[in-house]
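**Q** First the structure, then my questions, so here it is.
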Amino acid sequence: MFRKILLTLAVAASGTLWGQRVEKSTLSADSVLIGDQIVWSFDFAVPQGSPLAIGQYSAILAADTTIRGGVEVVREFELDSLSVSQGLQNLRAKVLLTSFDSGSYTLPSPLIVYDAQGRPDTLKIDPKQLYVNTIPIDTASFQPYQIKGQETYPVTFREILPWILLGLLALLLIWAIVRYIQMRRKNRNFFGKKIQVEPPHITALKKLEKIRSEKLWQSGKQKAYYTGITDAVREYMESRYGFGAMEKTSSEIMTALQGRQIDERILGDLNEMFTTADLVKFAKHVPLDSENEKAIPTAVNFVNFAYMQQLQQSQTEKEKEGK
């Protein structure tokens, strides 16, 4: 706040009131080329501990009608303390300037205000002369040229090689996809070797054996036990008989099996196993150990019977074709 008061009073009285003159005021160069930077520095002394304010030099330059923006401030004033002696503080102020217009400029005096025994006072700083020169052109050897058009260069093999490789890679990928699809339709792998597909009844028997070895019902996991058994049987039915057993209810499955010449005892055991499985899965029924032990043999008997029946039917058809 005190600095603002000092600065306001000094601006009001700057036309008539000047204090002591600075001891040393120098430009790093009084003649420069366009775009060069110069430092204006000066040394002065004020009473030790005296408040001090420096006006923005960019605002002083903007207000000077003789310069008209020809000189610009790169960095505002900075203060360095040099020494203290006999109650006076020796200071150095520096401002960094530049110019982008050639000509001769009279740099206006900076404004520095300090407290002189209870009243604001200003330092007397003489203006400086600055010369800004352009880069001289040798007109004797200077020869202007027309602006050249855009230069075009031939395309090299190295530039098109990545695109060639990318195209070949895309063709190779397309060929590989087409071949894979063709081989899968022929039940062969990518290299043309015939894929050995496991018979459905073998797959079903392996799943049932895995469920038996996990001993699920013995550890209280009856629901997982019956779900695994019925899913294995349903998947086999879809492959063997060609109807969607996975989406059908147990009663719908038993209806679909009617008339397929399945042994009544095997069909009855299978119906009993599906009924128990439904009670376990949906009614939280806890089956007897005898029911649990019978579930997998019932499923195995059904798979084996259906497979043997299929073999007999195939053999009968072949005999009829041979006659």
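The values are calculated or read from the model by the stated rules, or taken from the named source; none is laboratory data. The structure presented is a predicted model; accordingly, all values stated were derived computationally and were not measured. Virtual Cβ from ideal backbone geometry, glycine too; neighbours counted across all protein chains shown. Surface areas here come from the heavy atoms of the whole protein model, side chains and all, with no ligands, DNA or RNA. Shrake-Rupley method; radii C 1.70, N 1.55, O 1.52, S 1.80 Å.
**Q** Which residue, Asn189, Leu208, Gln218, has the largest displacement toward the positive end of the dipole of the range 179-280 when charges sit on each Cβ (Lys, Arg +1; Asp, Glu -1)?
**A** Asn189
**Q** How much length is gained if the chain between Ser290 and Asp80 is pulled fully straight, taking 0.36 nm per residue apart and subtracting their Cα-Cα distance, in nm to one decimal?
**A** 65.4 nm
**Q** Next up: Using Cα-Cα distances under 8 Å and only pairs 6 or more residues apart, what relative contact order does the range 159-247 have, in percent?
**A** It rounds to 17 percent for the range 159-247.
**Q** Let me ask another. Treating only the Cβ of Lys, Arg, Asp and Glu as charged (+1, +1, -1, -1), what charge dipole size does the chain show about its Cα centre? Round to the nearest 20 debye.
**A** Roughly 1420 debye for the chain.
**Q** Further, regarding this structure: Hey, if we sort Trp40, Trp163 by accessible area with the 1.4 Å probe, largest down, what's the order?
**A** These residues rank, largest area first, as Trp163, Trp40.
**Q** Would you mind computing, in nm to one decimal, how far apart the modelled labels at Thr26 and Lys248 are, each placed 7 Å from Cα along Cα→Cβ?
**A** So the label points at Thr26 and Lys248 sit 10.9 nm apart.
**Q** Calculate, in whole percent, how much of the Cα-Cα pair population of the chain lies beyond 33 Å.
**A** 65 percent
**Q** If you add up the charges near Ser28, with Lys and Arg at +1 and Asp and Glu at -1, over every other residue whose beta carbon is less than 12 angstrom from its beta carbon, what do you get?
**A** 0
**Q** So what is the relative contact order of the chain, in percent, for Cα pairs below 8 Å that sit 6 or more residues apart?
**A** 13 percent
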